[in-house]
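This report refers to the structure that appears directly beneath it.
The values are calculated or read from the model by the stated rules, or taken from the named source; none is laboratory data. Nothing here was measured: the structure is a model prediction, and the numbers come from that model. As a convention, Cβ positions derive from the backbone with ideal geometry for all residues, glycine included, and neighbour counts pool all protein chains shown.
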Amino acid sequence: MKKQGLFVTFIVALFLMLSACQTKETSTNADKKGTEDPKKETKKEEQQPKEENKEPEFAYTFPLTGKDTNEAVINRVVGIMVNNSPKARPQSGLHKADVVYEVLAEGRITRFLALFQSQKPEKVGPVRSARDYYVRLSNGFDAIYVHHGWSPSAKEMLLGGNIDSLNGLYYDGTLFKRVSFRKAPHNSYITFDNILKESKKQKYELKQEIPSLPFLTKEEVKSIEGDPAKTLSISYGDYYKVEYKYQPEKGTYIRFSDSEQTVDRETETPIELANVMVVEAHHRVIDSVGRRQIDLQSGGSALLFQQGKVQQVSWVNKNGRIIPKVDGKVVAFAPGQIWINLVPAPDMDKDVNWK
């Protein structure tokens, strides 16, 4: 009996010893797992393939600014005549124009043809009267042409041609509103809602495929060549001077009239331009009022300002649009807004300066 008892005791002790060893081994393994070298884990993480920073992809490109978008780009262009008398400044809506033509009317003050496609300002103005050369420039984009009044030659064109237009003479006080803070003829304004509403009523086409202007890629913009041009000034007469100043941090030019910065009246948003083009064209005064005839067909010398640099180019009229060329090849615009100043030939060398 004693021997049998001793044997049972030995078996129990052996079992307890083996159980203790197994528990210790499990604990040791667990400790090892919890104290693995963090550098090894980091290396494992580093070995994982990383996703590259990809440029966002867009479905469309706006045809008059070259900027990418996911919005449909079939809105028809709207061209609006905007007053530039000192009594009309600051204007409304110009900061959202894709392309602006600045051209002399009577006297030595310019007037603007502002072309809108990618953006729609709430309202635009003061709206001013038409001239035949503004109508021709608008026709190059098949725009709905918005104006308040007209010269005899512009009236003949607008009534005799197949041109969709809205004239404030017929809608004064309805579509076009007179503001109280300015006096006529510097106080006619129109909203974009009214333009679209009346255009739809007149059964004007509101959706179109618009041929694109030529634009550089983002990489090509970095390689633009030319002489330094941080500032540009254009003299339209003794009492009217346009200036542009380059902002290197934004890659755009800001604009000034008679030393006053051009901003939106309501929001104070500045005009910021990726491209400024100065075009020399023959002007001729044709009547006692001072109305002009301007040659928009023959081409000639021009200057193109981009990225703080200037290129000596020529200009051609291609399907009604003014396009820069060098050695017969089209020079593309930088993506962004475009301002085109027409100056009388042969005075560009005298009236245009940059540094």
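Could you check, for the range 259-278, whether at least one of its residues is surrounded by fewer than 16 Cβ atoms within 10 Å (Cβ to Cβ), more than 21 Å from residue 94 (Cα to Cα) and either basic (Lys, Arg) or assigned by TED's automatic domain parsing to the domain that holds residue 227 (or both)? Within the range 259-278, none of the residues are surrounded by fewer than 16 Cβ atoms within 10 Å (Cβ to Cβ), more than 21 Å from residue 94 (Cα to Cα) and either basic (Lys, Arg) or assigned by TED's automatic domain parsing to the domain that holds residue 227 (or both).
If you check every pair at least six apart or on different chains, which have Cβ atoms under 8 Å apart with a residue in the range 215-232 that is outside the structural domain of residue 248 (by TED's automatic domain parsing) and under 18 Å from residue 63 (Cα atoms) first and a residue that is of a type in the set (D, E, K, R) and exposed (fewer than 12 other Cβ atoms within 10 Å of the Cβ) second? From residues that are outside the structural domain of residue 248 (by TED's automatic domain parsing) and under 18 Å from residue 63 (Cα atoms), there are no pairs. Only a single criterion out of (1) at pLDDT 95 or above; (2) in contact with an Asp or Glu (Cβ under 7 Å, 6 or more places away or on another chain); (3) of a type outside the set (A, V, I, L, M); (4) more than 18 Å from residue 244 (Cβ to Cβ) is not satisfied by residue 290, namely (1). Scanning the range 192-223 for residues that are assigned to a helix (DSSP H, G or I) and within 16 Å of the chain's Cα centre (by Cα) yields a total of 2. The set of residues in the range 163-192 that are free of Cβ contacts under 8 Å to residues at least 40 places away in the same chain, within 16 Å of residue 147 (Cα to Cα) and of a type outside the set (A, V, I, L, M) comprises 165, 167, 170, 171, 172, 173, 174, 177, 178. Considering the range 81-99, and only residues there that are aliphatic (A, V, I, L, M) and assigned to a strand (DSSP E or B), the residue that is surrounded by the most Cβ atoms within 10 Å (Cβ to Cβ) turns out to be 81. Residues that are surrounded by 21 or more Cβ atoms within 10 Å (Cβ to Cβ), free of Cβ contacts under 8 Å to residues at least 40 places away in the same chain and outside the structural domain of residue 106 (by TED's automatic domain parsing) do occur in the range 315-338.
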